[in-house]
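The values are calculated or read from the model by the stated rules, or taken from the named source; none is laboratory data. Given the structure is predicted, the values throughout are model-derived calculations rather than measurements. Cβ placement follows ideal geometry from the backbone for every residue including glycine, while neighbour counts extend to all protein chains displayed.
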Ligand SMILES: O=C(O)[C@@H](O)[C@H](O)[C@H](O)C(=O)CO
């Protein structure tokens, strides 16, 4: 089969029919990504393909950065101040070595879908691609909002600190009808979770100012967080997101929580147990507020971050120095947390992503214990980060199908910082359609295109439309009043 042939990843007739006649046409709801709302609002063209593809000022695509480092590219041609054409050529040389890596497919898919460039990308073809792509990047079609709109995206959820004023979400809301999509905040309280990182005390000051609640102890902090839930909810936010590198369920008294906070404010060292006590207290309240506002609570767990300390100091987080976490019992501790919160009926809609696929069976069976109150309130999230591969996606679909009801799954998200990543939804939909096509071939589901077509349309879009409530004021036909 030719590279990215029309039928790539679709290995039988039903898979091809399901993708071409059902999944492909469905809009996208990208409910978790790291796009910058200011960039969406400013809507400026990128000067060249390096800036939209590899790195733009202070951040970019660390998936590419890791591979470039693996290929011996010097840092100035990755995140440094090296020549942007040279960076592009360095990426071309890296891609030549990326056969079998998902970025080989993503890179070529993005060149095809956005630029109409079908050549194989390498150091020989790169110079012409640089010229052609950069000309196209100056057109209206390549303004960020048109890249989103023309990818048939109806909602984008960014990742936002609770103290954010959501200025650009507010401005974008006024223009969403012309934009053709909704830009919504998702609350990511990393700075509250990471009380052992410098700046925790200063952050509580910021939280006090924006919430108008003076944060002096655990209860006042929770009151301030509740005010931010109210504000995010008014702005259309319907998700929170929590990165738990490791986690252990440890209960504590209010006095202990206050003492731990005071130590953190003074930047004093905390023991792992103190951190877990604080996390448990905070997560219990975040679960309560997610349930109160009918939001969906996302957990990104079992990762280990910023392993390369000198490079972390130089470049900061999310720069390609992370790995799969190895806490073997993280699902046990999440079970304990959910068991406790079920006692007071404070279990919200939840999506779990573990960076360690060893957790997926434990998490998906645990979720089966907390499903009351609605359709598939507990979900195993799509293959995340190092699992964002055809095989990782297939394994997540297999486990979800075998341990619960995959036709209720809310589907894929890009988790990206680039406006060119929407073909990841196409990639996922191909894996999904092939998953069901294979079951037809094995005689394990009916050879029924209408039945299976509805399933893949629902997983591609309809389930997310109904599950998150982003368009409560609309109908599927008329999203923006
Ligand atoms: O949400 C996260 O914590 C991760 O997705 C993180 O942002 C990481 O840098 C990433 O983008 C992986 O796709």
Hits in the range 9-23 - residues which are surrounded by 17 or more Cβ atoms within 10 Å (Cβ to Cβ) and closer than 23 Å to residue 107 by Cβ: 9, 10, 19, 23
Test: residue 28 is more than 30 Å from residue 441 (Cβ to Cβ) and in contact with a helix residue (DSSP H, G or I) (Cβ under 9 Å, 6 or more places away or on another chain): no
Qualifying positions in the range 18-51 - closer than 30 Å to residue 433 by Cα and either free of Cβ contacts under 8 Å to residues at least 60 places away in the same chain or away from the ligand (no atom under 16 Å from the Cβ) (or both): 18, 19, 20, 21, 22, 23, 24, 25, 26, 27, 28, 29
Single residue of the range 145-159 satisfying the filter (within 16 Å of the ligand (Cβ to nearest atom) and not in a strand (DSSP E or B)) that is farthest from residue 28 (Cα to Cα): 159
Within the range 377-408, tally of residues that are within 16 Å of the ligand (Cβ to nearest atom), touching a strand residue (DSSP E or B) at 6+ places or on another chain (Cβ under 7 Å) and in a helix (DSSP H, G or I): 2
Residue 113, sole failed condition from (1) crowded, with 21+ Cβ neighbours inside 10 Å; (2) touching a residue at least 60 places away in the same chain (Cβ under 8 Å); (3) more than 16 Å from the ligand (Cβ to nearest atom): (1)
Test result for residue 411, more than 15 Å from the ligand (Cβ to nearest atom), outside any helix (DSSP H, G or I) and buried (at least 17 other Cβ atoms within 10 Å of the Cβ): yes
Condition met for residue 189 (under 30 Å from residue 48 (Cα atoms), in contact (Cβ under 8 Å) with a residue 60 or more places away in the chain and within 21 Å of the chain's Cα centre (by Cα)): no
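Output the residues belonging to the range 98-141 that are assigned to a loop (DSSP other than H, G, I, E, B) and more than 22 Å from residue 65 (Cα to Cα).
Within the range 98-141, 116, 117, 118, 119, 138, 139 meet the criteria.
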Only one of 210, 225 that is assigned to a helix (DSSP H, G or I), crowded, with 19+ Cβ neighbours inside 10 Å and modelled with pLDDT of 95 or more: 225
Entirely in the range 160-200, the helices (runs of 4 or more DSSP H) that have 2 or more residues that are modelled with pLDDT under 95: 176-179
Output for the range 232-268, where each listed residue is in a helix (DSSP H, G or I) and either crowded, with 20+ Cβ neighbours inside 10 Å or within 16 Å of the ligand (Cβ to nearest atom) (or both): 232, 257, 260, 261, 264
Residues (closer than 25 Å to residue 348 by Cα, within 12 Å of the ligand (Cβ to nearest atom) and touching a helix residue (DSSP H, G or I) at 6+ places or on another chain (Cβ under 6 Å)) located in the range 295-330: 301, 302
Residue within the range 356-368 that is in contact with a strand residue (DSSP E or B) (Cβ under 9 Å, 6 or more places away or on another chain) and assigned to a loop (DSSP other than H, G, I, E, B) present: yes
Exclusive hit being modelled with pLDDT under 95 and out of contact with any strand residue (DSSP E or B) (no Cβ under 9 Å at 6 or more places or on another chain), set 372, 441, 457, 477: 477
Verdict on residue 373 being surrounded by fewer than 18 Cβ atoms within 10 Å (Cβ to Cβ), part of a loop (DSSP other than H, G, I, E, B) and at positive phi: yes
Residue within the range 355-362 that is without any contact (Cβ under 8 Å) to a residue 40 or more places away in the chain, under 28 Å from residue 103 (Cα atoms), in the same structural domain as residue 466 (by the TED database) and within 16 Å of the ligand (Cβ to nearest atom) present: yes
Given (1) under 23 Å from residue 17 (Cα atoms); (2) away from the ligand (no atom under 16 Å from the Cβ); (3) assigned to a helix (DSSP H, G or I); (4) without any contact (Cβ under 8 Å) to a residue 60 or more places away in the chain, number of the condition residue 453 does not satisfy: (4)
